[in-house]
Structures are given as structure tokens and as C-alpha cells.
Amino acid sequence: MVLVSGLGLQHGDADVADCSCSRLNLTGWWLCPGHRFGGIVLFSLALREKPSPIPAELKGKAKTGFISWSRLHTLTMASEKPILYGYFRSSCSWRVRIALALKGISYDLVPVSLLNDGGQQFSAEFKALNPMQQVPVLKIDGITLSQSLAIIQYLEDTHPNPRLLPQDPKKRAQVRMIADHIASGIQPLQNLKVLKQMGEKKMEWAQTCIASGFQALEQILQHTAGRYCVGDEVSMADLCLVPQVSNAERFKVEMGPYPTIIRINKALLDLEAFKVSHPSRQPDTPAELRA
Ligand SMILES: N[C@@H](CCC(=O)N[C@@H](CS)C(=O)NCC(=O)O)C(=O)O
């Protein structure tokens, strides 16, 4: 018997349900919906062997069925630990680190220094992973994803707890609005690539972009915020807010005019997932910037 756990299976997963109809080489499986990751699968190595009896502790909770070798391969691929290619100070990498921490997904980190070696994001090896030459990149479940919001959305779809997008369509749209406000309307304007073009004016440019984005955001948050950006639940909007405030502080933006942003940021930084993912606590954080 081989025990494979943490596969991200969902109870009622159509793929898994279909497996029982497969006419290919079969192996036994059990699906336990109570498991933290949604399922435990136990494989028998013998072909066309009947599934072994369900252990007493899984009786009533587990299902039995069959699975094809090709599906077994897919599931086994899916069981590999995700790999995050990121940089300690990258705000977009931090968004993804917070999501991984909140959802309790362990991962391996491959640091990509945006400064060393003229920028490791420009290496041929990294360009093969992300032609856009930006972090973060997440290798997960046999696919390679870039774009932090797309990554977070995938994590949300595959690991729905805790929820980062509210179920209510209006709140959900507000979360996306704020996330896009930061991810499309502020961060790209003060990205490293742009700042390099600005030369000596980079500080002034970054301050102007962040300040104008924050002025608008402050007004928006006055309508949407509770304890956090949208109501009282942590959402994808909050995952964008905290790293952006950190950038604002780095570029010495005067934060006085944004009391709501300051309040929400402070509340979020008290949460463990935001602490462990903080740039001052990453494996690639230089000693002088460590908390
Ligand atoms: N829209 C992308 C933006 C990614 C991005 O701008 N990453 C920055 C770090 S936060 C980067 O890799 N910059 C490298 C460069 O400018 O050369 C996302 O959300 O992931």
C-alpha cells in the first residue's frame, strides 16, 4: 500500500468520481472527505486488485473506488510541494506568501534576487519560467503560474479555506476592485523596471504614484472597510494592501492623509500569516534587514 495525502482533492471531485468508471489498469483508492486537504487516497500497487477494506477509523467517512494509472500519475504530480520563486522585498511575492500562509500550504522557496548578478530575473533559466522576467512564479500541481493575482485565485480555487474572496457577489467585486486598484493602478507604476528608467527622479516618481493611488483608495475604503479592506474578513484586497503600504514606507510617502489605510494595515500586520510572510523574515532577507 502507498499512502498519498495532501493531494488537494475535493469531496465529489468530478475527476475522482469518474475514476471508478475507468477501464484502464486499476488500483484501489479511498477518498476521505474529512481530511484537511479534502481527501486521502490509498493506492494498492497491484493491478485490478480490489480495494482493501476501509480501516475502522475511516468507516462512514471514506469512499472506495478505482483509479486509472494515468490519474494516479496526475495525482502524484499534484502531491509535490509547490515551489515559489520570489524575492524577499517584492510586494507581489509577498501577496502570494500571505495567501500560502493563510491557507496553510507549505512550499519550497527559490530566491530570485532582483539586484544580484544584474537581476536574476533576467537569467535565461528564469525567463524560461516567466517570459515577463518578474517574480513571483509558483510551480504547483504540474503547472507554472506567474501574476500574483492569478496565483492567488488558483490557490483560492484549489484550497478554498479560509476564503479570500467573499461569497457575496457585491463584496467579491469590491475585493477585486481594490486588489486591481493596487495591482494594476499603483504597483506597476513604481516597479523596479520603471524606477530604473526614472533615474534620479525615482523617489519623487514613486511617491507621486503611490500618493495618488492612496488618495483614491482611502476614499474607496471609507465605503467598503470594516476591520479590513472589505468588511471584517481578510480578503485578497488585504493581501495587496499590506505589501503596498510597505512600499510606500520604503519610498517615504507621507501617510498622514490615509488614516483608514494605516488602521487596516496595522490590524493586518498583527495576524500571523502577515508576520511570517514579512520581507524581514524570509530566507533571502539580508542580515541587516532582518527583524
Ligand atoms: N503583475 C505582476 C507584477 C510582478 C512584478 O512587478 N514583480 C516585480 C517585483 S514586485 C518584479 O519582478 N520586478 C522585476 C523588474 O522590474 O525587473 C504580478 O502581480 O505578479
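Read-outs: derived from the displayed coordinates by stated rules, not from any lab. Fair warning: this is a prediction, and the values are worked out from it, not measured in the lab. Neighbour counts run over all protein chains shown; Cβ positions are idealised from the backbone, glycine included.
If the limit is 18 Å between Cα atoms, which of K139/K275; K252/K275; K201/K252; K139/K193; K193/K275 go over it?
K139/K275; K252/K275; K139/K193; K193/K275
Between E125 and K193, what is 0.36 nm times their sequence separation minus the Cα-Cα distance? Round to one decimal in nm.
22.6 nm
Sorted by packing (mean other beta-carbon atoms within 10 Å per residue), highest first, where do 153-162, 175-184 land?
Top to bottom by mean Cβ count within 10 Å: 175-184, 153-162.
Assuming R0 = 30 Å, can you tell me the calculated FRET efficiency for the pair M132 and D232, based on Cβ-Cβ distance, to the nearest 0.05?
0.30
Extending each Cα 7 Å along its Cβ direction at D168 and R263, get the distance between those two points in nm, one decimal.
The two pseudo-label positions are separated by 1.8 nm.
How far apart, in nm, are the 7 Å Cα→Cβ label points at E272 and D157?
So the label points at E272 and D157 sit 2.9 nm apart.
Relative contact order of segment 83-286, please, whole-number percent, based on alpha carbon pairs below 8 angstrom and at least 6 residues apart.
Once divided by the residue count of segment 83-286, the mean separation gives 27 percent.
Starting from 0.36 nm per residue, how many nanometres of slack lie between I143 and S212 once their C-alpha separation is accounted for?
Value of the extension gain: 21.2 nm.
What is the set of long-range amide H partners of Y228 at a cut-off below 5 Å, with H atoms built 1.01 Å from backbone N?
Distant-sequence amide H within range of Y228: E233.
What's the FRET efficiency of S184 with A150 using the Cβ-Cβ distance as r and R₀ = 22 Å, to the nearest 0.05?
0.95
So for segment 154-291, taking the charge dipole from beta-carbon charges (+1 Lys/Arg, -1 Asp/Glu), which of S246, S280, C209 sits furthest toward the positive end?
Sorting the options by dipole projection puts first C209.
Starting from the Cα-Cα distance between N116 and E204, subtract it from 0.36 nm times their residue separation and give me the gain in nm to one decimal.
That works out to 29.2 nm of additional length.
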